[in-house]
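Structure, as structure tokens:
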Amino acid sequence: MKHIARKRFGQNFLSDHGIIDAIVAAIAPQPGDPMVEIGPGLAALTQPLVERLGHLTVIELDRDLALRLREHPQLRVIESDVLKVDFRALAATLGVPRLRVVGNLPYNISTPILFHLLDHVDAVQDQHFMLQKEVIDRMVAVPGSGDYSRLSVMLQWRYAMENVLFVPPESFDPPPRVDSAIVRMLPHADPPAIDVRLYGELVQTAFSQRRKILRNTLGQWLEARGFAGNFDLQRRAEEVPVAEYVTLAQAVQA
Ligand code: SAM
């Protein structure tokens, strides 16, 4: 029976075989890789992936789609909201230290998914995600560019990221209203030691009014925490490199 795409689950199914092949090539699955796919849907990526892997774990929220996927003997189907999945526990269940995570993500919750995986990053080997191109532009942006934002600073301290493939709307059925792309995310092997909660608060405060100089936003936040060190608050949030935010968070938490 034909599945009717559900908008509330962000369902846009890949239908262009050239694009599907290019995504699978970018992921480069090897037999036995401990891979987890988020939102397999109608299995456009799932099928070529599992053919190469031999076995694949998939996380799907839509009950009807999960039911179909269960018919596939090489798939382990987790019917759940991905935001509730404990990726550390999943890696332990599969008997591996780290997972390879992939997916054409539901765009309505892509940022929460990225932050949920950031919370579980020690259980992740790499991530390949289809996202709105505009979101990927923000993830990989450099300081001083218009796209440099909270998302850039929250992810770049922890991952090396690159946009590996452009995907136009007509590659999907139904087509989304936006351009898409594939991002590769590799966790840094030796990340700086920071209190992630504090760092998140600092970055959110800095970018709360991105056009204003930091004295008006971060300045007050730092003062409330008794920070007396050196930090140029005459800049705007979008001018400060990630490494400086990291150093500042470390100084505040010390
Ligand atoms: N992978 C398929 C493809 O490329 O054609 C489908 C991608 S579609 C953009 C997103 C998929 O994520 C849908 O199958 C949808 O049901 C599923 N999904 C939506 N919200 C979810 C959630 N919170 N947890 C897990 N899966 C979800």
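A few remarks follow.
- One residue stands out in region 106-129 among those that are within 16 Å of the ligand (Cβ to nearest atom) and over 9 Å from the mean Cα position of the chain (by Cα): the one that is nearest to Asp62 (Cα to Cα), namely Pro106.
- Scanning region 182-208 for residues that are farther than 30 Å from Val24 by Cα and loosely packed, with under 14 Cβ neighbours inside 10 Å yields a total of 3.
- Comparison of Gly18, Gly103 shows that the only residue that is within 13 Å of the ligand (Cβ to nearest atom) and either outside the structural domain of Phe166 (by TED's automatic domain parsing) or closer than 21 Å to Val178 by Cα (or both) is Gly103.
- When region 39-95 is filtered for residues that are away from the ligand (no atom under 14 Å from the Cβ), touching a helix residue (DSSP H, G or I) at 6+ places or on another chain (Cβ under 6 Å) and within 23 Å of Phe115 (Cβ to Cβ), the ones remaining, listed by number, are Arg88, Ala91.
- Failed condition for Gly10, given (1) more than 10 Å from the ligand (Cβ to nearest atom); (2) touching a residue at least 60 places away in the same chain (Cβ under 8 Å): (1)
- Candidate set: region 21-38, residues that are exposed (fewer than 13 other Cβ atoms within 10 Å of the Cβ) and among the hydrophobic types (A, V, I, L, M, F, W, C); chosen: the one nearest to the ligand (Cβ to nearest atom): Ala25
- Every residue from region 58-76 that is under 23 Å from the mean Cα position of the chain (by Cα) and under 21 Å from Tyr107 (Cα atoms): Val58, Ile59, Glu60, Leu61, Asp62, Leu65, Ala66
- Residue selected from region 130-144 under the condition over 19 Å from Tyr199 (Cα atoms) and within 14 Å of the chain's Cα centre (by Cα), by the criterion nearest to the ligand (Cβ to nearest atom): Met130
- Taking every residue in region 111-125 that is farther than 14 Å from Ala89 by Cβ and pairing it with any residue that is among the charged types (D, E, K, R), at least 6 positions away or on another chain, the pairs with Cβ-Cβ distances below 9 Å are Leu118/Arg158; Val121/Arg158; Gln125/Asp33; Gln125/Arg98; Gln125/Arg100.
- Residues being touching an Asp or Glu at 6+ places or on another chain (Cβ under 7 Å) and within 19 Å of Arg138 (Cβ to Cβ) - total across region 198-254: 1
- Members of region 156-173 found to be surrounded by fewer than 20 Cβ atoms within 10 Å (Cβ to Cβ) and either at positive phi or part of a helix (DSSP H, G or I) (or both), listed by number: Pro169, Glu170
- Asp86 falls short on exactly one of the conditions (1) within 18 Å of Pro187 (Cβ to Cβ); (2) in contact with a strand residue (DSSP E or B) (Cβ under 6 Å, 6 or more places away or on another chain), and that condition is (2).
- Within region 214-243, tally of residues that are surrounded by fewer than 18 Cβ atoms within 10 Å (Cβ to Cβ), closer than 18 Å to Ser145 by Cβ and among the aliphatic types (A, V, I, L, M): 1
The values are calculated or read from the model by the stated rules, or taken from the named source; none is laboratory data. Since the model is a prediction, treat every value here as computed from it, not as a measurement. Every residue, glycine among them, receives a Cβ derived from its backbone with ideal geometry; neighbour counts consider all protein chains shown.
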